[in-house]
Structure formats: structure tokens, C-alpha cells
Amino acid sequence: MMQQTQKTREFVTLPVKVNGIYDWLYNKKDIYDFFDSPFLLNLITLGFHKKLSESVAREVKPGAQVLQMGCTFGLQIEELAYQVGENGSLTIIDNNKKQLMRCRRKYDYLFDNIRLKQADAAGLKTDKKYDNVVCYNLLHELPPLSKVQVVSNALAALKPGGKAVFVDYHNPCKWHPLRSLMRMFNRLYQPFAEKIWERGIDTYAQNVDVTDYFWTKSVYGLGMYQKVTATRRDNKY
């Protein structure tokens, strides 16, 4: 279990808007299409994209009601949709309309269980509760206060017994052969990514009682990636 240093935290409500930083990736069709390749993603992640996608799917039971925050490259959505199955549903939110349109073209004729909605994960307000909330490689793109809002919203959207799954970068070990290259890329193109190196994902949870959740963490690729799960305790037991 991840260490809980504080039972509750004061929620920070200061809004944060970040525009333009990832336009080069998400709003340019040629670049998006280039990266939306399972082969390329597995190549540049040394095979861990597939392993992480499969690991997330294993956290979900067939027939589950799942919320995913953000569209993704490759086959991560497909892996999850197959796992949910025809008796479940996968709702995907993204604040980028172009991302949603691409996702709709990609999966509309393959899956009846996918629902797409334009919404900002950091400002999400929903009364619906889900069996699972998935946040796959989104947090590293966000400034700290938006990270707080996304993690908090993900936890708040869980049913009792439900599970939130966060996959993202992690602080690689100091002798990792790609550590310096990753740091250089972050400082050129991903200004908020290294914040995810500095503190645990659970520490971004605010406006919820973190002790209501059972936390686990796994690391992959000599610490390059992490999967953190938060299972909401079922108060009935």
C-alpha cells in the first residue's frame, strides 16, 4: 500500500488553462497519424505501451461501466473496449474536438460500447458513478493544479468498490540509459512532465478522503513508467 501522509487535503480551486503547448501533436493531422501507430509506440517505449495497455485492461471486469479521461494513441482504447465487452460501456471524454472526431472515425464501426463526449477532465462534474476510471498518459501533460483536479475528479467518480487506474511516466533510475534523453525531450516539448517524477500520483488527490481508497503502484522499464491504482473502499463491509 502506498503511504498515506495526510487523511484529507484542502481542495485548490484556482483554474488553470494551458493552450497551444500540444498543438504540434494533437492538432496537426500528419504528426498525429504518425504517432497513432502501435508499432511506433511500442518501438519508442521499448515495448511497454502494449504491456501497459494490457495491464490497464486487466484491472477492468467484463460488463463494467468505465470512464476514460482523454483519447489515446495506438490500441489502448481498443484493448479496453474489448475487455469491457458488449454488456459494459466505455465513455471517453476529451476537451479536443479533433481528437474525438479521430477516435469516432477509428472505432465507430468496431464497437457499440464506446461513447464519446467533449469535456475537460479537470473541470468534470458528474453525478454518475463508474466501476473504473482510466487516466492513461494524461497527467504528465498538465500543470500541477490541473493534475490535482483530474486525480480528484477521477476518484470522486468511482462507485464503492470501484477502481481508478493512472498510467504515466515515472522517475527513471539514475543509471537508466534513456534518462538524459527523456529529460531533454521533456524540457523542449513537455514542460509539466517532470512534475510527475517529483511526487506520487496519490498526493494529487484533494477534496476526497484518501484513506477511503486502497492504493497500489507498479513500475515498468527500470522506473520509466508507472501504473497506480486506487480502489474505493466499499463502506458496506
Looking only at the stretch 56-115, filter to residues that are in a loop (DSSP other than H, G, I, E, B) and under 13 Å from the mean Cα position of the chain (by Cα); which one of those is nearest to Trp215 (Cα to Cα)?
Gly70
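Please specify each residue of the stretch 207-237 satisfying the condition of being among the aromatic types (Phe, Trp, Tyr) and either surrounded by fewer than 19 Cβ atoms within 10 Å (Cβ to Cβ) or without any contact (Cβ under 8 Å) to a residue 12 or more places away in the chain (or both).
Result: Phe214, Tyr220, Tyr237.
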Residues (out of contact with any Leu (no Cβ under 8 Å at 6 or more places or on another chain), of a type in the set (A, V, I, L, M) and crowded, with 17+ Cβ neighbours inside 10 Å) located in the stretch 177-206
Met182, Ala193
Per the filter on the stretch 140-176, residues among the basic types (Lys, Arg), out of contact with any strand residue (DSSP E or B) (no Cβ under 9 Å at 6 or more places or on another chain) and surrounded by fewer than 17 Cβ atoms within 10 Å (Cβ to Cβ) are Lys174
For Thr91, only one of the following conditions fails: (1) of a type outside the set (Asp, Glu); (2) surrounded by fewer than 17 Cβ atoms within 10 Å (Cβ to Cβ); (3) over 30 Å from Gly223 (Cβ atoms). What is its number?
(2)
Limited to the stretch 123-139, what total is found for residues that are modelled with pLDDT under 95 and crowded, with 18+ Cβ neighbours inside 10 Å?
1
Flag for Leu41 being at pLDDT 95 or above and crowded, with 20+ Cβ neighbours inside 10 Å:
no
For Val148, indicate whether it is closer than 19 Å to Tyr130 by Cβ and of a type in the set (A, V, I, L, M).
no
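The values are calculated or read from the model by the stated rules, or taken from the named source; none is laboratory data. For clarity, every value in this text was computed on a predicted model and none was experimentally measured. We place every Cβ from the backbone using ideal geometry, glycine too, and count neighbours over all the protein chains shown.
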